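Quick notes on the structure that follows.
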Amino acid sequence: MPNLLKSVADRASGLSRKTALYAGNAFDRVFRAASLVQAGQTPFETLYSDGLVSLRYYPPLAEDFIELDDTVIPVERQTYRTPIVIIPPLAVNMLIYDLFPQRSLVRFLRAKGFEVYLIDWGVPTRAHSHYNLHTYVAELLPAYLNRVREHSGEQELSLHGWSLGGMFTLFYSALSNDQHVRNAIVLGSPIDSHASGILGLLNQRMADVAEFVRNRTGFRIHNVKPHWFHTPGWANTIGFKLTNPIASVMSYWELVVRLGDREFVTNHATTSAFLDRMVAYPGGIIQDTVVRVWIDNQLSKGDIQIGDDIARLENVNANLLAIAGSEDTMVTPGAAERVMDHVSSKDKTFRVVPGGHMGILAGSKAPKESWLELAEWLAERSGGRLHHS
């Protein structure tokens, strides 16, 4: 009898501890989520800001080794001659580039011996509704790349762009004829938007409707003030999650099931900090991308209108590494691969890696599936080692 009572007491005690653990994790996830977030821990310096857009520089790491998932990587003290500039898309916050200490693209690139800069587009308000492709590609981007050149002392640069950031990279190179863009890495950037699976079919139907409306009424989306197309951050968060609604729901269901796993709860809070804090799209960008990229599919023919100018992809001659995600429903491999048909780059590579639109940049498989190869690809094309840092 005493043994039975002790067994019951031990089980009750175990259940009590488990209940307390679940309750504590649930409370922290709901009410103290910010304390769980691991993103944004790599130190950086803000070299310049105009009040909206800022330029970051990631100085040499203090540690001698970093962890990349379950791999230990030595920090290289000799840097490559050619700096890399990360050009993010709009709507996202910068946490995606420094998501976890063990899965941080900026920390990894710095450890691999690259001078790392990042252009933070900031949080646009309705006062920035008039910002369009020309604003970013022909005005802001050239100015900030010049600041990178001034700070680094190097003219040749490597540009890294994900999603719309990849399009900015291509558009800038095509429009400016900047011969000092040595390397261009673009991830998940649509060149043939009508070839992008179900979304591509929707774009084709939209194009049919748009042509009908134009012919019958003469109406143009660009005739409307861009203020009306300003898209707040919360709308972008919903839109991004709706691209894969089942995964979004399952994410929270898994959180409930694994509430006892503190590491999982912390990881969930960190990922959500990125997804739930998306920022606004300026109305002018919405007008330009909806009409010229999605409906008219101008890039599939190799050029696109940027303001009053035409950016021609045949002007792009930098070494090119283009990456697409095998599970990306927003920009399928078929939509991304067309870049290979239009650029003039003699050294160009197209790769399909596991993951969706976000996964190819910072998903759990990204370090081993693309980051290591990216670092090797860059190292061979970055002009050799420069100095000790």
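The values are calculated or read from the model by the stated rules, or taken from the named source; none is laboratory data. This one's a predicted model, so the numbers in the text were calculated from it and none came from an experiment. Virtual Cβ from ideal backbone geometry, glycine too; neighbours counted across all protein chains shown. For accessibility, only protein heavy atoms count, side chains too; no ligands or nucleic acids. Shrake-Rupley method; radii C 1.70, N 1.55, O 1.52, S 1.80 Å.
Out of all the residues in region 74-92, which are at pLDDT 90 or above and open to solvent by less than 60 Å² (accessible area, probe 1.4 Å)?
Val75, Glu76, Thr79, Tyr80, Thr82, Pro83, Ile84, Val85, Ile86, Ile87, Pro88, Pro89
I'm checking my understanding of the structure. Among residues of region 124-162 that are touching a strand residue (DSSP E or B) at 6+ places or on another chain (Cβ under 8 Å) and of a type in the set (D, E, K, R), which one is least open to solvent (accessible area, probe 1.4 Å)?
Arg149
For region 294-378, which strands (runs of 3 or more DSSP E) that fit wholly inside it have 2 or more residues that are in contact with an Asp or Glu (Cβ under 6 Å, 6 or more places away or on another chain) and surrounded by fewer than 24 Cβ atoms within 10 Å (Cβ to Cβ)?
Numbers: elements: 303-306, 309-312, 319-325, 348-353.
Fully inside region 294-378 and qualifying: 309-312, 348-353.
Do you know which of the residues in region 59-73 that are within 27 Å of Leu47 (Cα to Cα) and under 25 Å from the mean Cα position of the chain (by Cα) is most open to solvent (accessible area, probe 1.4 Å)? Let's see the steps before the verdict.
Filtering region 59-73 for residues within 27 Å of Leu47 (Cα to Cα) gives 59-66.
Restricting the remaining residues to those that are under 25 Å from the mean Cα position of the chain (by Cα) gives 59-61, 66.
Details: Pro59: 30, Pro60: 57, Leu61: 15, Ile66: 10 Å².
Step by step, filter region 59-73, then rank; the result is Pro60.
Yes/no matrix, rows are residues, columns are (1) touching a residue at least 12 places away in the same chain (Cβ under 8 Å); (2) in a loop (DSSP other than H, G, I, E, B); (3) within 22 Å of Ser158 (Cβ to Cβ):
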residue	(1), (2), (3)
Leu95	yes, no, no
Arg107	yes, no, yes
Phe114	yes, yes, yes
Ile119	yes, no, yes
Pro142	yes, no, yes
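Would you check if Ala174 is farther than 23 Å from Trp371 by Cα, touching a Lys or Arg at 6+ places or on another chain (Cβ under 9 Å) and among the small types (Gly, Ala, Ser)? Break it down stepwise before answering.
Details: farther than 23 Å from Trp371 by Cα: yes; touching a Lys or Arg at 6+ places or on another chain (Cβ under 9 Å): yes; among the small types (Gly, Ala, Ser): yes.
The answer is yes for Ala174.
Return yes or no: is Tyr48 among the hydroxyl-bearing types (Ser, Thr, Tyr), more than 27 Å from Gly363 (Cβ to Cβ) and modelled with pLDDT under 60? Walk me through it before giving the result.
Details: among the hydroxyl-bearing types (Ser, Thr, Tyr): yes; more than 27 Å from Gly363 (Cβ to Cβ): yes; modelled with pLDDT under 60: no.
So Tyr48 does not fit the description; no.
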